[in-house]
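Here is the structure we will look at.
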Amino acid sequence: MRFPRSSGTLVHPTSFPGKYGIGDFGYEARAFIDFLESTHQTIWQVLPLTPTGYGNSPYASYSAFAGNPFLISPDILLEKGLLSASEVNTLIIPSTTTVAYEQAFEKKSAALTLACNRFYEKLDSKQNEAFMQFKQRHAHWLDDYVLFMTLAKKHHMQPWNTWERSWATREASALKKARKTYEEELKFEYWVQFEFLSQWMALKEYANQKGIRVIGDIPIFVDHNSADVWANPKYFAVDDKGERTLVAGVPPDYFSETGQLWGNPQYDWEALEKDGFSWWVDRFKHMFLTCDAIRVDHFRGFDEYWEVPASEKTAINGRWVQGPGEKLFDTILRECGELPILAEDLGFVTEGVERLRDKYAFPGMKIVQFAFDADASNSFLPHNYPQNCVVYSGTHDNDTSLGWYHQAPEHEKHFARSYSRSDGSRINWDFIRLGMMSVADQAIFPLQDFMDLSTEHRMNFPGTSSGNWLWRYTTKMLDDINRDEIRYLIEFSNRKVNKNR
């Protein structure tokens, strides 16, 4: 599916400012969307919105379907009469440029419990009908998820295969008893997901009404300690005790002598195919419900993937295995119709990956920061782009463009200055301009680059397990962006979209 020539911003909701320690779906989210509209931008790209696990990473989640409860806005709960003004005031945490995860989790958890109790107390027939429709529509993942989270909390979020065996192996009688024993806890988990989706869909509608499309993010792999693996072990490389047998990663390369061992369980693609890829079809349908388009992370893994025995300590002793490829995407295309997908095809790209991407006309990704370490044939240089691609100055995994410039080797900085015909003092705007003026159909830039921010404001340091996903901005930082320059570049590069087309 081809989108019109356009431009947008990459920022995750946790980065929004606000009074409650973590960004959410409230007023500041709408202020950001207003910023997009005022600058003629028509794309907002987010990271996965799923519940975060270890390290608060949106790429390590307890579910591929559920929403992160801590993105729920207390202000909207106040509007709905589910919290009082005094209760909301107790949630206030001094706002900084860092997410206060632990404080926010503690305060918001208590507030969500209060709001949940009031929801059920005040439930009228109209609300109950909407709630029942939600539970019915999402039952294919929701029923397992709410039970998983309830039991996981009883075990302090320890891996599901360490629970009582009857729960770990999902014995029918044990699960039936658990649903009865923990009825109140299950009601809470159901409501949290209902409220999350309600707030998110209202926010998405607000964006769509202003001509802004939301691009979501779908990680290829899921976490072992997730409702997905617990409920569907036959689709994953786990043994009868729930232990991983084969895990995901990438082989040794220029950046790492031992490769990367991610630890996610590999899929049993034969079992998935036997069931018509139903789990993947459901996953894509859910993403297309909640977003207007999807960035598919680690797209290469659908063509071929690096498989490592779970007993290994590094990714060295793995092997390449053929992925599901066209069989999967033909099925998803047949079940979902057109596929507004963008393929994360960074890293070493094989001919097989290119064939798979191009068969469905999925746009790939181009990163301006990667353009200056070789010569004029570098595929990340704007003059080498195909039209059907998305250009970024950098992504959530990169340094900010100013940070990149301050730490890059001198020969790369020299090439960047020469190519952009600048002195490098505003290299972030130079990269934005290069992306805007390129033939790439879409140009998307991290909000930090519009804000002239350096390394201390980057979102993630790949390969590290702490100190990530923390960045937030302040209201003043958004107000101080040079909106005239963005508008000028968008109009000058023909990226202003007619909302009526």
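We did not get these values from a lab; they are worked out from the coordinates using the rules stated. Keep in mind that what you see is a predicted model, and the values were worked out from it rather than measured. Neighbour counts run over all protein chains shown; Cβ positions are idealised from the backbone, glycine included.
Of Val391, Val247, how do they rank once you tally other Cβ atoms within 10 Å and put the fewest first?
Val247, Val391
Multiply the residue separation of Ser278 and Lys153 by 0.36 nm, subtract the distance between their alpha-carbon atoms, and state the gained length in nm to one decimal.
Once the chain is fully extended between Ser278 and Lys153, it gains 42.2 nm.
Rounded to whole Hz and in sequence order, give me ³J(HN,Hα) for segment 469-477 from the Karplus expression 6.51 cos²θ - 1.76 cosθ + 1.60, θ = phi - 60°, writing x for Gly and Pro.
Running phi through 6.51 cos²θ - 1.76 cosθ + 1.60 with θ = phi - 60° gives 6, 9, 5, 9, 10, 9, 4, 4, 4 Hz.
Using a/c under 1.5 as the rounded threshold, could you call segment 194-233 rounded, prolate or oblate? The axes a ≥ b ≥ c are square roots of the C-alpha gyration tensor eigenvalues, and prolate needs a/b larger than b/c, oblate otherwise.
It is oblate, given that a/c is not under 1.5 and a/b is not larger than b/c.
Counting pairs of alpha carbon atoms under 8 Å apart in space and at least six apart in sequence, what relative contact order in percent does segment 330-451 give?
25
How much length would be gained if the chain were fully extended between Gln387 and Asp358, taking 0.36 nm per residue of separation minus their Cα-Cα distance, in nm to one decimal?
Result for the pair: 9.2 nm of gain on full extension.
Near the amide H of Ile294, under 5 Å away, which other amide H atoms are found, from residues 5 or more places off or on another chain, if H is placed in the peptide plane?
Long-range HN contacts for Ile294: Gly216, Ile341, Leu342.
How many nm is it between the label spots at Ala374 and Ile92, if each spot is 7 Å from the Cα in line with the beta carbon?
Inter-label distance under the simple model: 5.5 nm.
Please tell me the relative contact order of segment 238-379 in percent, rounded to the nearest whole number, where contacts are Cα pairs under 8 Å and at least six residues apart.
Relative contact order, segment 238-379: 23 percent.
Taking the Cα of Glu335, stepping 7 Å toward and past its beta carbon, and measuring to each backbone N in segment 228-250: which are under 19 Å?
Under 19 Å, as judged by backbone N against the label point of Glu335, lie 228-237 of segment 228-250.
Divide by every residue of the chain the summed helix terms, -39500 (n - 2.57) for each DSSP H run of at least 4, and state the resulting mean residue ellipticity at 222 nm, rounded to the nearest 500 deg cm²/dmol.
Result for the chain, helices only: -12500 deg cm²/dmol.
Would you work out if segment 445-501 is rounded, prolate or oblate? Take a ≥ b ≥ c from the square roots of the eigenvalues of the alpha-carbon gyration tensor; rounded if a/c is under 1.5, else prolate when a/b is larger than b/c, oblate otherwise.
Cα axes put segment 445-501 in the prolate bin.
With labels modelled as points extended 7 Å from the Cα through the Cβ direction, what inter-label distance (nm, one decimal) is found for Arg179 paired with Glu205?
Taking the simple label geometry, Arg179 and Glu205 are separated by 3.1 nm.
Place a label point 7 angstrom from the Cα of Glu485 along the Cα-to-Cβ direction, then list the residues of segment 387-428 whose backbone nitrogen is under 11 Å away.
Correct set: 425-428.
Determine the shape class of the chain: with a ≥ b ≥ c the square roots of the Cα gyration tensor eigenvalues, call it rounded for a/c under 1.5, and otherwise prolate if a/b is greater than b/c, oblate otherwise.
oblate
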